[in-house]
Amino acid sequence: MPELTPCAQRRLRLSLSVLLAFALAVVVWQLFSILLPFLISAVMAYLLLPLVKQGDRVPLAQRWPGGVRAATAGFATLAVIVAVVVVLALGVFRLVDGSITLAERAPSIIAEGRAVWEELQEVYRNRVPANIQEIVDPRLNELQSALLNASLAALQRVSRVAQSGISQVVSLAASPIILFYLLYQPATLGSGTRRLLPGPLREDLSEIGRLAGESIGAYIRMQLLLGVSVGVVVWLALLVMGVPLALPLGILAGMAELVPIVGATIFIILASIVVALLDYTKLPFLIAVYLVVQILQNTLIAPRMQGQALGLHPLAVILALAIFGLFFGFLGTLLAAPLTAAGYRVLDYVRREWTIAGIVRLDDDSLAAVEMEEPSDPGAA
């Protein structure tokens with residue numbers, strides 16, 4: 001680009017860097033299911049790396065730095081595996097126990113529902129005029145057929161999700177190995193990735209990756225902290241009140257916090273259905289506890305943490321959720337906030353560098369004009 005001015009060269013590099021970063025993001029999005037173990041391992045490594053680095057400060061690390069780092073990375077990986085196994089084991093055990101209880105009560109629930117339906121039909125036949133029934137009956141039959149078809153379609157989707165979930169579990173089995181290497185040699189991976197970047201765009205792409213990583217990392221830390229806090233509080237409160245499936249509902253409440261704004265709605269709907277089927281007398285306790293937790297979180301904790309982590313207005317987060325959810329479904333809703341925050345910081349960096357390039361160009365032009373006005377021969381003055 002020798003024929004371009006320095007300002008034009010700088011702005012061209014910025015434009016190409018943004019386009020290449022966007023193309024890489026699209027590739028990652030398209031390969032998300034394949035890259036999921038790597039992404040999960042990267043998130044865990046990001047959270048655990050500060051703890052692993054503490055092991056480098058022990059006296060033994062001065063003599064055997066590689067061995068100490070491998071030991072601390074292995075211990076951190078093992079701790080993650082144990083924690084995941086314990087949580088899943090406890091959650092699955094309680095879920096199976098609750099499923100058995102639900103299966104035992106299923107015949108009585110079905111019988112009660114059938115009795116109510118027959119009673120409603122009797123009232124309808126006795127009190128509604130025949131001419132109106134002739135108009136309403138075809139509509140009711142159409143509604144019944146539509147509900148049946150919708151139920152069958154939902155069951156088919158659940159079956160497909162379950163089948164795909166098996167392959168995801170198999171692929172996630174590689175996550176501990178990936179996590180160990182990310183904790184053991186994080187600098188090697190970063191330097192290797194940096195060398196693959198085009199030379200003229202290396203600095204800008206590295207800065208774009210750093211800004212996006214900081215935004216996504218801050219969001220992950222915030223959401224995990226909120227999720228763990230909400231999950232523990234809901235679990236303990238429901239356990240004290242004797243609500244069935246307290247532990248799985250607590251885990252579900254914590255996972256719902258990963259989806260901002262709409263996650264709470266999803267949880268309260270699913271949890272209300274489960275508790276109503278198992279023990280409807282505990283449903284008011286569930287709703288009251290969760291509403292209190294959400295009010296405290298949304299008024300005292302979440303606004304401050306979101307402002308520090310994302311730097312976005314709540315309306316911007318809601319708009320991002322709506323747009324990402326419309327085009328990318330549930331996964332888009334899950335990733336809308338961090339991707340929007342990362343995109344905002346990247347665009348702010350590009351705007352700032354674009355402006356600086358123009359200012360430098362003006363300063364260079366002014367300096368060149370002054371040099372042209374000065375006499376070349378000192379004795380001519």
Rg and Dmax of segment 173-262, Cα atoms only, in Å: 19.5, 63
For a label point 7 Å along the Cα-to-beta-carbon line of residue 111, residues of segment 265-291 with backbone N under 19 Å: 277-280
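Read the figures in this text as sums done on the coordinates, not as results from a lab. Quantities reported herein were computed from a predicted structural model and do not represent experimental measurements. Note: ideal-geometry Cβ built from the backbone for every residue, glycine included; neighbour counts use all protein chains shown.
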